[in-house]
Amino acid sequence: MSDDKSTAGNMLDAAKAKINEGADRARAAGHEVASHVGGSATENATDKAKAVEDRAKAEVHNAQAHGEYNEGKKEAKDGDGH
């Protein structure tokens, strides 16, 4: 989050972060399903670990989205938009 970004720039970055969050959550769900469907115990454990990692990435993207959105709102209230 940069002080020199416009309101629109912050909102665009927030939207991108939410898209990334959704993709991370979808990957996590896929890995979770894969961990329960066949494969060896090692493969299942690997899929579970990947699901945990993707959920953590989703949380980071969620936090980024909220931060960018809040920064955009703050910038919009300043009145200059930059």
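Which value, in debye to the nearest 20, describes the size of the charge dipole of the chain about its Cα centre when Lys and Arg Cβ atoms bear +1, Asp and Glu Cβ atoms bear -1, and nothing else is charged?
260 debye
Hey, what angle do you get for helix 7-36 against the long axis of the chain, alpha-carbon based, 0 to 90 degrees rounded to 10?
It is inclined by approximately 10 degrees.
What order do you get for GLU53, GLU68, GLU21 when you list them from fewest to most C-beta neighbours inside 10 Å? Present the calculation step by step, with values, prior to reporting the outcome.
Details: GLU53 14, GLU68 23, GLU21 19.
Ordered from fewest to most neighbouring Cβ atoms within 10 Å, GLU53, GLU68, GLU21 come out as GLU53, GLU21, GLU68.
Counting every Cα pair in the chain, what percent are over 22 Å apart? It would help to have the intermediate numbers written out before the result.
On the way: 1403 of 3321 pairs.
Distances greater than 22 Å cover 42 percent of the Cα pairs.
Check the straight Cα-Cα distances from LYS48 and name the lysines below 24 Å, setting aside those fewer than 8 residues away within the same chain.
Straight-line reach from LYS48, under 24 Å: LYS18, LYS57.
What ³J(HN,Hα) values, in whole Hz, does the Karplus curve 6.51 cos²θ - 1.76 cosθ + 1.60 give for segment 54-69 when θ = phi - 60°, with x put for Gly and Pro?
5, 5, 5, 4, 4, 5, 5, 5, 4, 5, 4, 4, 5, x, 5, 4
Quick note: the coordinates plus some simple rules give every number you see, no bench work behind them. Treat the numbers as computed from the prediction; the structure is a model and nothing was measured. Using ideal geometry, Cβ is built from the backbone for each residue, glycine included, and neighbour counts are taken over all protein chains shown.
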